[in-house]
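J.: The structure under discussion is supplied below as structure tokens; questions concerning it will follow.
The values are calculated or read from the model by the stated rules, or taken from the named source; none is laboratory data. Here the structure is a predicted model, which is why all the values come from computation and not from measurement. As a convention, Cβ positions derive from the backbone with ideal geometry for all residues, glycine included, and neighbour counts pool all protein chains shown.
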Amino acid sequence: MNISTGTGGEPRMNELTEIKGIGPSTASKLAVLGIRTACDLIRTFPVRYERHVLTPAKAAPIGTAVAIQGVVVQSASVAYIRKRLTKLTLDVLSDGIVFRITAFNREFLRPALAKGAELVATGRFETGRKQFLANDIVLSKNYREGIVPVYGLEGLSDRLFAKFVAAAIPLSPEAAKETLPARILQSRRLAPMQEVLAYVHQPRDEAEISAASRRVKYEELLRFGLAVKTQKRKNDAVVTIPKKYDIERVRAFITALPFELTDDQKQATNEIFLDLKKPRRMLRMLQGDVGSGKTVVAAIAVYAVHTVGEQTAFMAPTEILARQHAQNLTRLFAPFGVTVAYLSGAVKGAERKRVIDGLASGTLHVVCGTHALIQEPVVFKRLGFAVIDEQHRFGVAQRKILREKGYDPDVLVMSATPIPRTLAIALFGDMDVSTIRALPSGRKPIKTDVTDFTDFQRLADAIAHEIAAGRQAYVIAPLVGSDAESDAYSVPEAVELLRGHMPSGINIASLHGQMKSADKDAIIDAFRTGETDILVATTVVEVGVDVPNATVMIILNADRFGLSQLHQLRGRVGRGGLQSFCHLVTDVARLEEGRLAILAETNDGFLISEEDLRRRGPGDVFGEAQTGMPAFKAANVIDDRDLLEAAFTDASTLFDDPDHLARILVGEAASAIDAYHLD
């Protein structure tokens with residue numbers, strides 16, 4: 001991982017080409033990767049280490065990952081299963097036994113794997129020792145035993161990059177300069193930078209890997225903690241007028257709700273109200289699982305703001321969800337005299353003028369739209385509250401637009417990708433966090449399984465059975481249109497797949513985000529009223545489509561989606577009291593990965609989000625633009641939670657620390673935040 005330390009100085013134009021083996025072409029490749037100096041090169045650390053140990057074939061445990069060395073006795077052949085899915089097979093002699101190796105999408109290896117070739121295959125034996133499923137095959141001459149660093153740099157082999165690093169170390173003594181205060185190194189028992197560089201590129205044992213890894217992870221997390229806490233200090237410095245809402249009117253509104261709030265909803269509501277009464281701007285995240293009742297809590301806050309005489313902008317990531325919010329809020333607020341409107345680019349003519357005039361005059365109290373709403377030529381008479389649904393961070397760009405329009409409202413951000421509260425506070429440290437864990441009573445857990453495309457007829461029969469009982473189904477495809485370069489299903493291909501396995505007379509409609517707004521609305525309304533039996537769609541239905549009669553969700557090429565997104569899609573069914581089902585369909589080659597198993601094991605969104613964070617990192621799960629979070633190269637916010645908490649604790653102490661290195665760290669965090677705001 002490339003740690004930016006601020007110690008490198010200005011690079012010389014030809015500095016990298018002074019390193020043995022690096023010419024202008026390679027220097028250009030490195031520059032694209034952000035490596036422009038010898039110091040950058042040395043401080044680009046391995047992303048992981050592989051332990052290369054050969055195991056005799058006869059001693060290899062069944063089903064356990066091993067590396068086997070052998071000789072090809074029957075040259076490799078390739079079978080083309082379907083688009084972008086191939087199967088390579090060859091027979092190998094190893095440790096006195098002959099077995100068949102199978103590897104998927106490795107057809108490019110066939111020329112090198114002729115009879116007599118010596119190879120090393122990494123993978124596992126299936127039942128018995130006749131079949132070996134390989135995830136990697138290399139020629140023996142290219143296999144290196146021991147601890148091998150993996151840098152994962154596009155266009156550069158690990159072996160070549162390691163040679164560059166070894167040649168660069170004598171040329172760049174500044175790379176070993178310390179970046180952390182001595183008291184932190186001592187109190188946290190961290191390896192000094194000089195030792196880290198000695199360990200990280202050529203570790204002799206696991207202890208050296210552990211020491212170097214711990215130091216690198218800690219510094220990543222400390223720098224992030226400083227950035228978060230710097231932003232928090234800026235937010236808390238903004239003074240606002242407390243909102244003196246009418247508590248009696250708010251209580252009457254809550255009493256009129258057609259259901260009792262859960263304890264979690266009550267707690268979250270109280271936390272929001274405390275924020276509204278403070279002389280500083282609210283910036284709070286309300287997180288909860290799919291269907292936990294976040295929108296009702298937000299609606300109560302919107303009503304409280306209304307009793308002060310202020311307006312609300314209610315923003316969602318899609319027009320579908322924004323339109324649903326407008327419908328639901330209109331129904332909730334109608335008896336209380338709160339006017340609600342929907343505004344998007346698709347709203348034209350007289351209706352558009354009515355909405356814009358109403359917001360300017362104050363006769364419209366709540367407007368629902370996408371995040372582009374604040375970019376519209378809209379003037380609010382008195383905007384006091386912004387609710388942002390399904391967006392983890394109300395971006396700097398949006399805040400800047402609001403400030404330029406003269407508004408600085410309280411902000412409530414809602415997230416249906418929930419994570420443990422302590423972790424949420426760390427990841428979204430410039431926000432306060434409220435959590436709703438309990439689901440409304442009467443919900444049945446969704447029965448989920450993971451299968452492959454050879455089992456599709458069974459799934460089609462399951463859909464037909466539910467439709468015969470008067471129910472409906474979703475089928476999700478990852479692509480809008482067919483792509484010759486992808487083996488994934490598009491919406492039209494999914495429709496054809498269904499028609500080939502379903503009885504006639506079933507009404508199938510398709511939906512994707514590239515359709516016109518009016519067409520999308522008509523298709524969703526037809527599904528909502530029961531005119532359509534099966535809705536084939538992209539992830540455009542991930543949020544905002546609420547059809548309690550839908551009881552089956554089939555997700556094609558499920559391996560293409562993150563776990564949290566799959567859980568969100570699954571949440572489109574099971575929204576009533578009916579038993580619902582979710583089938584995750586993938587290639588047989590990818591079933592072995594086991595990543596999707598957690599969805600079959602639990603409906604708990606907190607556990608699923610944790611596993612997703614562990615595997616992909618916050619930048620991929622939430623989006624870097626949403627979290628404002630760097631893509632950590634070494635640290636994992638789940639596995640390294642203790643280190644995360646230690647780093648955040650230490651970050652708080654650095655602001656008043658006179659140590660020279662502490663001042664540099666704080667200054668770099670402030671500069672990064674200022675640059676972020678200026679963008």
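J.: Would you check which residues across the range 89-126 are in contact (Cβ under 8 Å) with a residue 60 or more places away in the chain and within 18 Å of residue 65 (Cα to Cα) and list them?
T.: Kept after step one, since they are in contact (Cβ under 8 Å) with a residue 60 or more places away in the chain, are these residues of the range 89-126: 104-105, 120, 124-126.
Those that are in contact (Cβ under 8 Å) with a residue 60 or more places away in the chain and within 18 Å of residue 65 (Cα to Cα): 104, 120, 124, 125, 126.
J.: Continuing with the same structure: From the set of residues in the range 539-555 that are assigned to a loop (DSSP other than H, G, I, E, B) and over 24 Å from residue 458 (Cβ atoms), which is modelled with the lowest pLDDT? Walk me through it before giving the result.
T.: Going residue by residue through the range 539-555, those that are assigned to a loop (DSSP other than H, G, I, E, B) are 542-549.
With over 24 Å from residue 458 (Cβ atoms) added as a condition, the list becomes 542-546, 548.
On the way: 542: 83, 543: 75, 544: 68, 545: 80, 546: 84, 548: 90.
Only one residue tops the list, namely 544.
J.: If I go through the range 212-261 residue by residue, how many of them are within 30 Å of residue 439 (Cα to Cα) and modelled with pLDDT under 90?
T.: Qualifying residue count for the region: 3.
J.: Looking at this structure, is residue 452 under 20 Å from residue 83 (Cα atoms), assigned by TED's automatic domain parsing to the domain that holds residue 574 and among the charged types (D, E, K, R)?
T.: The answer is yes for residue 452.
J.: If you check 510, 504, which single one turns out to be surrounded by fewer than 17 Cβ atoms within 10 Å (Cβ to Cβ) and of a type outside the set (Phe, Trp, Tyr)? Write out each step before concluding.
T.: Values: 510 fails: surrounded by fewer than 17 Cβ atoms within 10 Å (Cβ to Cβ).
It is 504.
J.: Additional query: Could you grab the pairs with beta carbons closer than 8 Å, sequence gap of 6+ or different chains, first residue in the range 455-468 and farther than 15 Å from residue 499 by Cβ, second one among the hydroxyl-bearing types (Ser, Thr, Tyr)?
T.: Filtered contacts from the range 455-468: 458/451; 466/551.
J.: Being of a type outside the set (A, V, I, L, M), farther than 26 Å from residue 445 by Cα and touching a residue at least 12 places away in the same chain (Cβ under 8 Å): is that true of residue 295 here? Break it down into steps so the answer makes sense when it comes.
T.: On the way: of a type outside the set (A, V, I, L, M): yes; farther than 26 Å from residue 445 by Cα: no; touching a residue at least 12 places away in the same chain (Cβ under 8 Å): yes.
No.
J.: Taking residue 84, is it of a type in the set (Lys, Arg), closer than 26 Å to residue 161 by Cα, surrounded by 14 or more Cβ atoms within 10 Å (Cβ to Cβ) and under 33 Å from the mean Cα position of the chain (by Cα)?
T.: no
J.: A further question follows. For the range 320-350, which positions are farther than 19 Å from residue 525 by Cβ and of a type in the set (S, T, N, Q)?
T.: Matches in the range 320-350: 339 only.
J.: Next question, about the same structure. Mind checking which residues of the range 372-397 are surrounded by 20 or more Cβ atoms within 10 Å (Cβ to Cβ), modelled with pLDDT under 85 and out of contact with any Ser or Thr (no Cβ under 9 Å at 6 or more places or on another chain)?
T.: 374, 394
J.: If you don't mind, another one. Check whether at least one residue in the range 258-271 is within 28 Å of the chain's Cα centre (by Cα) and part of a loop (DSSP other than H, G, I, E, B), and report yes or no.
T.: Step one: of the range 258-271, the residues within 28 Å of the chain's Cα centre (by Cα) are 264-265, 267-269, 271.
With part of a loop (DSSP other than H, G, I, E, B) added as a condition, the list becomes none.
Within the range 258-271 (the criterion being within 28 Å of the chain's Cα centre (by Cα) and part of a loop (DSSP other than H, G, I, E, B)), the answer is no, since none of the residues qualifies.
J.: Let me ask something else about it. Going through 610, 624 one at a time, which residue ends up being in contact with a Pro (Cβ under 8 Å, 6 or more places away or on another chain), modelled with pLDDT under 90, in a helix (DSSP H, G or I) and loosely packed, with under 15 Cβ neighbours inside 10 Å? Before the answer, list the steps.
T.: On the way: 610 fails: loosely packed, with under 15 Cβ neighbours inside 10 Å.
Residue meeting the stated conditions: 624.
J.: Kindly indicate the residue of the range 529-573 that is of a type in the set (Gly, Ala, Ser) and out of contact with any strand residue (DSSP E or B) (no Cβ under 6 Å at 6 or more places or on another chain) and also farthest from residue 288 (Cα to Cα) among those meeting that condition.
T.: At the first step, the residues of the range 529-573 found to be of a type in the set (Gly, Ala, Ser) are 530, 537, 544, 550, 558, 562, 564, 571.
Then keep just the ones that are out of contact with any strand residue (DSSP E or B) (no Cβ under 6 Å at 6 or more places or on another chain); that gives 530, 544, 562, 564, 571.
Details: 530: 29, 544: 16, 562: 18, 564: 13, 571: 13 Å.
Among them, the one singled out is 530.
J.: Taking only the range 259-299 into account, find how many residues are among the hydrophobic types (A, V, I, L, M, F, W, C) and under 17 Å from residue 415 (Cα atoms). Lay out the reasoning, then the answer.
T.: Restricting attention to the range 259-299, the residues satisfying the condition of being among the hydrophobic types (A, V, I, L, M, F, W, C) are 259, 261, 268, 272-274, 276, 282-283, 285-286, 290, 296-299.
Now drop any that are not under 17 Å from residue 415 (Cα atoms), which leaves 268, 272, 282-283, 285-286, 290, 296-299.
So the count comes out to 11.
J.: Sticking with this one: Restricting the search to the range 523-538, which residues are assigned to a loop (DSSP other than H, G, I, E, B) and free of Cβ contacts under 8 Å to residues at least 24 places away in the same chain? Give the derivation first.
T.: First, the residues of the range 523-538 that are assigned to a loop (DSSP other than H, G, I, E, B): 529-533, 538.
Passing the criteria: only 529.
J.: Something else about it: Any idea which residue in the range 569-596 is farthest from the chain's Cα centre (by Cα), counting only those that are modelled with pLDDT of 90 or more and assigned to a helix (DSSP H, G or I)?
T.: Ranking the qualifying residues of the range 569-596, first place goes to 570.
J.: Could you tell me which residue of the range 502-522 is nearest to residue 533 (Cα to Cα), considering only residues that are part of a loop (DSSP other than H, G, I, E, B) and among the hydrophobic types (A, V, I, L, M, F, W, C)?
T.: In the first step, residues of the range 502-522 are kept if they are part of a loop (DSSP other than H, G, I, E, B); the result is 502-507, 512-516.
When the remaining residues are screened for being among the hydrophobic types (A, V, I, L, M, F, W, C), the result is 502, 506, 515.
Working: 502: 12, 506: 6, 515: 20 Å.
Checked the range 502-522; the qualifying residue nearest to residue 533 (Cα to Cα) is 506.
J.: Kindly establish whether residue 232 is in contact with a Leu (Cβ under 6 Å, 6 or more places away or on another chain) and charged (D, E, K, R). Even if it seems obvious, please write down each step before you answer.
T.: Values: in contact with a Leu (Cβ under 6 Å, 6 or more places away or on another chain): no; charged (D, E, K, R): yes.
In short, no.
J.: Specify which of the listed residues (482, 504, 486) is hydroxyl-bearing (Ser, Thr, Tyr) and either within 24 Å of the chain's Cα centre (by Cα) or not assigned by TED's automatic domain parsing to the domain that holds residue 576 (or both).
T.: Values: 482 fails: either within 24 Å of the chain's Cα centre (by Cα) or not assigned by TED's automatic domain parsing to the domain that holds residue 576 (or both); 504 fails: either within 24 Å of the chain's Cα centre (by Cα) or not assigned by TED's automatic domain parsing to the domain that holds residue 576 (or both).
Testing whether each residue is hydroxyl-bearing (Ser, Thr, Tyr) and either within 24 Å of the chain's Cα centre (by Cα) or not assigned by TED's automatic domain parsing to the domain that holds residue 576 (or both) leaves just 486.
J.: Give me the residue from the range 12-63 that is β-branched (Val, Ile, Thr) and assigned to a helix (DSSP H, G or I) and, out of that set, nearest to residue 163 (Cα to Cα). Show your work before the answer.
T.: At the first step, the residues of the range 12-63 found to be β-branched (Val, Ile, Thr) are 17, 19, 22, 26, 32, 35, 37, 42, 44, 47, 53, 55, 62.
With the extra rule that they be assigned to a helix (DSSP H, G or I), the set shrinks to 17, 26, 32, 42.
Numbers: 17: 14, 26: 13, 32: 19, 42: 11 Å.
Here the residue is 42.
J.: Also, I was wondering about something else. Report the residue count in the range 600-613 for those that are over 12 Å from residue 419 (Cβ atoms) and in contact with a helix residue (DSSP H, G or I) (Cβ under 6 Å, 6 or more places away or on another chain).
T.: Residues flagged as over 12 Å from residue 419 (Cβ atoms) and in contact with a helix residue (DSSP H, G or I) (Cβ under 6 Å, 6 or more places away or on another chain) within the range 600-613 amount to 0.
J.: In the range 225-253, what count of residues is obtained for those that are in contact with a helix residue (DSSP H, G or I) (Cβ under 6 Å, 6 or more places away or on another chain) and assigned to a helix (DSSP H, G or I)? Talk me through it step by step, then tell me what you get.
T.: So the first thing to find is which residues in the range 225-253 are in contact with a helix residue (DSSP H, G or I) (Cβ under 6 Å, 6 or more places away or on another chain), and the list is 225-227, 229-231, 243, 245, 250, 253.
Subset that is assigned to a helix (DSSP H, G or I): 225-227, 229-231, 250, 253.
Qualifying residue count for the region: 8.
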